[in-house]
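Heads up, the thing below is written out as structure tokens.
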Amino acid sequence: MRLLTILGLLTLSLFLTLGSSQSALAQGYYYHPQQQPQRPYRDPRAYPPGYYPGKLVQPAQPQQGFSLRRFLGVPEDPPPPARAPVAKPRKAPQSTTTAARPEKPKVDPSTHIVVFGDSLAEFARQGLEAAYAENPDVAVVGKIRSGSNLVRSDPADWSNFINSTLDSGQKATIAVVMLGLSDRQSLQEGEERIELLTDRWKELYGQRIDGILNTFRERDIPVVWIGLPPMKSSKLSEDLLAMNDVYQESVQRHGGTYVDIFPGFVDDENHYTSTGPDVDGEPARLRTGDGVSFTRAGARKIAFFADVEIKKILESIRTGTPVATAPTAAPNIEAALPTPPDAATPVSLPSKPLVGPVLPLTRQDVTPGGTLVSGTPKLNGDHVYPVQRALRTGIAPSSRPGRADDFRWPRS
């Protein structure tokens with residue numbers, strides 16, 4: 001009987017709770033819709049308590065739901081104290097513009113590298129500036145004339161520009177020149193048009209290059225001439241490669257230094273590529289989408305080619321020794337052979353050093369001449385076939401007797 005009473009009380013409590021949830025809106029403000037049939041409906045919550053346009057309405061008292069504790073006479077727990085709202089700190093608005101890092105001006109540098117040329121020379125300047133950014137004694141200055149050329153302008157135009165630049169007080173320890181992007185066109189000789197890359201065109205074009213080099217030689221300024229890179233257009237690359245031969249011949253004839261960057265921006269098949277290893281040996285994007293300009297990594301790679309020769313010139317200036325431009329002669333092998341010793345004279349063998357030379361693991365790979373290695377070495381002879389079988393076909397090389405992978409039994 002007691003169990004039925006408790007179940008009945010629980011059922012009654014459930015119905016009362018559901019009924020109280022339906023009347024939860026009793027805490028607001030109400031009005032009968034028939035009292036003001038002409039007024040449009042307005043939300044009573046938009047007005048102060050106890051007020052509604054046209055009539056004061058007393059707010060309804062909140063109805064208490066059924067409580068089993070109160071029904072059985074058990075004292076209820078006091079309500080928890082109300083907590084004061086905590087104001088959240090407002091975040092400061094973030095600026096969408098990034099502050100440019102201030103560049104420290106170099107005070108009275110001892111070495112001035114002045115870069116002359118067209119729009120391609122600007123990338124060489126950017127790369128050299130990044131290379132010597134931490135060196136306070138070397139300043140890189142750009143004297144760039146975008147869109148200029150040697151074909152349609154006056155032959156003495158660039159010589160006059162160089163003279164005026166140096167006469168205005170610009171110091172120049174080394175001059176770096178990169179020019180010729182807009183020179184792929186015919187030359188005008190009097191009333192005759194000389195077609196591009198003909199023998200007469202190369203002769204006249206070489207004379208204009210000689211005029212620039214003579215200007216620097218008269219002022220005793222060493223010159224580092226950077227050749228033109230390959231382009232996305234194969235025909236354009238072929239023409240620029242032929243123009244590089246003209247630059248190289250003229251620069252070496254005047255005692256300057258020619259830097260060939262063409263192999264550093266082609267693939268294994270000597271074709272243009274927009275990606276390749278950067279100065280740290282990591283694969284990177286070197287050229288932009290137009291097939292002409294360079295990325296920051298590409299500009300840094302141009303500077304690396306030129307920086308090898310620049311360091312040689314600076315070292316020669318410091319020590320007072322001239323830079324060797326001609327290739328050294330091969331040594332005389334017969335003169336280097338030792339004379340046969342006398343039978344009675346003991347032969348002294350050369351002592352083996354305890355340790356070898358210290359080689360840093362992060363150094364750049366260069367050839368014996370000091371230039372940057374632009375591609376992987378190619379195998380020749382008997383090593384080509386097993387390497388191709390192992391790396392391309394996946395066939396493991398055969399074991400050799402006595403080697404660790406020789407598992408034949410019995411041992412030979």
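The values are calculated or read from the model by the stated rules, or taken from the named source; none is laboratory data. None of the values given here were measured: they were computed from a predicted structure. All Cβ positions, glycine included, derive from the backbone under ideal geometry; neighbour counts span all protein chains shown.
I'm told SER237 meets every condition in (1) of a type in the set (S, T, N, Q); (2) in a helix (DSSP H, G or I); (3) farther than 25 Å from SER274 by Cβ except one. Can you identify the failing condition by its number?
Going through the list (1) of a type in the set (S, T, N, Q); (2) in a helix (DSSP H, G or I); (3) farther than 25 Å from SER274 by Cβ, SER237 breaks only (3).
Give the residues of the range 197-232 that are under 24 Å from PRO263 (Cβ atoms) and touching a Leu at 6+ places or on another chain (Cβ under 9 Å), sorted by residue number.
Once the filter is applied, which keeps residues that are under 24 Å from PRO263 (Cβ atoms) and touching a Leu at 6+ places or on another chain (Cβ under 9 Å), the range 197-232 yields TYR205, ILE209, VAL223, TRP225, ILE226, GLY227, LEU228, PRO229, PRO230, MET231.
Look through ILE162, ILE113 and report the one residue that is surrounded by 15 or more Cβ atoms within 10 Å (Cβ to Cβ) and touching a Leu at 6+ places or on another chain (Cβ under 7 Å).
Answer to the check: ILE113.
Could you identify the single residue in GLY370, GLY381, GLY298, GLY375 that is over 30 Å from VAL177 (Cβ atoms) and either surrounded by fewer than 10 Cβ atoms within 10 Å (Cβ to Cβ) or at pLDDT 60 or above (or both)?
Step by step, each of GLY370, GLY381, GLY298, GLY375 is checked, and only GLY381 is over 30 Å from VAL177 (Cβ atoms) and either surrounded by fewer than 10 Cβ atoms within 10 Å (Cβ to Cβ) or at pLDDT 60 or above (or both).
I'd like the residue in the range 218-240 that is out of contact with any strand residue (DSSP E or B) (no Cβ under 6 Å at 6 or more places or on another chain) and among the charged types (D, E, K, R) and, out of all such residues, is surrounded by the fewest Cβ atoms within 10 Å (Cβ to Cβ).
Here the residue is ASP220.
Taking the range 165-196 as the search range and keeping residues that are of a type outside the set (Val, Ile, Thr) and assigned to a helix (DSSP H, G or I), which one is surrounded by the most Cβ atoms within 10 Å (Cβ to Cβ)?
Per the criteria, the residue is LEU166.
Where residues in the range 241-263 are over 19 Å from VAL176 (Cα atoms) and hydrophobic (A, V, I, L, M, F, W, C), which of them is surrounded by the most Cβ atoms within 10 Å (Cβ to Cβ)?
LEU241
Given the conditions (1) surrounded by fewer than 21 Cβ atoms within 10 Å (Cβ to Cβ); (2) in a helix (DSSP H, G or I); (3) not basic (Lys, Arg), and given that ASN270 satisfies all but one, which numbered condition is not satisfied?
Going through (1) surrounded by fewer than 21 Cβ atoms within 10 Å (Cβ to Cβ); (2) in a helix (DSSP H, G or I); (3) not basic (Lys, Arg) one by one, ASN270 breaks only (2).
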